[in-house]
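> Below: one structure in structure tokens.
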Amino acid sequence: MMDIRLVRIDDRLIHGQVATVWAKRLDIQRILVVSNAVTKDHLRKTLLQQAAPPGVKVNVITVAKMIEVYSHELFDGLRVIMLFTNPLEVAAVVEAGVPLSSVNIGAMGYAAGKKMISNTIAVDQQDIEAFRYLHTRGIELEIRKVITDNKQLLWDVLKKAKIQ
């Protein structure tokens, strides 16, 4: 199985922090952007592949493809970061049997119908349900925008905002 070093929800996907700090500190070989929507956006896929740090390959794949390749022998020991744009797709991967122990939430931008729960994270009811599912599976949900930030547990933030 692949060596998943970080699972991160960040709707910006690959940006300065991921490309330079997280990837280097975690000594990864590949970034897997797991997003059904992004796989259909040729321009965004191309830009993400070009944003990769030197020596790190980027693949933009669907949720179904992530589930398919997770246990494939070609990926045995491959050190990866999995990037998602939303918790629903993370929940789908977990529900299909990909074992995750922790999910980092970096940024989830505001849109109509979402509520800001921190300065970088906005959620709607679907997001909350997906996070609840992940939480009940014993997966740590932690907020850190950058690697040097202290972990803040998402569940504590949701309790404080009276959203659970």
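> Please calculate the 1.4 Å probe accessible area of LYS65, with all protein chains present, and give it to the nearest 10 Å².
80
> Here's something else I'd like to know. Over the range 3-161, what percent of the accessible surface lies on carbon and sulfur atoms, probe 1.4 Å?
Ligands and nucleic acids excluded, carbon and sulfur reach 50 percent.
> Taking all pairs of different Cα atoms in the range 3-161, averaging 1/r and flipping that mean, what Kirkwood radius in angstroms comes out?
Computed over Cα pairs of the range 3-161, the Kirkwood hydrodynamic radius comes out at 15.8 Å.
> Run the helix sum for the chain: -39,500 (n - 2.57) per DSSP H stretch of 4+ residues, divided by residue count, reported at 222 nm to the nearest 500 deg cm²/dmol.
Theoretical 222 nm ellipticity from helices: -8000 deg cm²/dmol.
> Relative to the present Cα-Cα distance, how much length would full extension add between THR136 and ALA64 at 0.36 nm per residue of separation?
Answer, rounded to one decimal: 23.7 nm.
> Would you mind calculating the gained length between LEU153 and GLU129 on full extension (0.36 nm times residue separation, minus the Cα-Cα distance), in nm to one decimal?
On the way: separation 24, 0.36 × 24 = 8.64 nm, distance 1.63 nm.
Contour length minus Cα-Cα distance gives 7.0 nm.
> Label points 7 Å out from Cα along the Cβ direction at ASP3 and LEU74: separation in nm?
So the two model labels end up 2.0 nm from each other.
> Let me ask another. By the gyration tensor of its Cα atoms, with a ≥ b ≥ c the square roots of the eigenvalues, what is the shape of the range 87-164: rounded for a/c under 1.5, prolate for a/b over b/c, or oblate?
Oblate shape, in that a/c is at least 1.5 and b/c is the bigger or equal ratio.
> Which of the lysines could a cross-linker span from LYS65 if the Cα-Cα distance has to be under 22 Å and same-chain partners fewer than 8 positions apart are dropped?
LYS40, LYS45, LYS57
> Applying 1/(1 + (r/R0)^6) with R0 = 22 Å to the Cβ-Cβ distance of VAL146 and LYS115, what FRET efficiency is obtained, to the nearest 0.05?
Working: r = 23 Å, r/R0 = 1.06.
For R0 = 22 Å, the calculated efficiency reads 0.40.
> Also, quick follow-up: Find how much the distance from HIS15 to ARG44 grows on full extension, using 0.36 nm per residue of separation minus their present alpha carbon separation; answer in nm with one decimal.
Values: separation 29, 0.36 × 29 = 10.44 nm, distance 1.26 nm.
9.2 nm is the gain from fully extending HIS15 to ARG44.
> Using a probe radius of 1.4 Å on heavy atoms only, what accessible surface per residue do you get for the chain? Whole Å² is fine.
51
> Please work out the FRET efficiency for the pair ALA51 and LYS162, using the Cβ-Cβ distance as r and a Förster radius of 30 Å; give the result to the nearest 0.05.
Efficiency at R0 = 30 Å is approximately 0.20.
The values are calculated or read from the model by the stated rules, or taken from the named source; none is laboratory data. None of these values were measured; they are calculated from a predicted model. Counting neighbours? That spans all protein chains shown, and the Cβs are built from the backbone with ideal geometry, glycine included. Side chains are part of the model used for accessible areas, which takes the heavy atoms of the whole protein and leaves out ligands, DNA and RNA. Shrake-Rupley method; radii C 1.70, N 1.55, O 1.52, S 1.80 Å.
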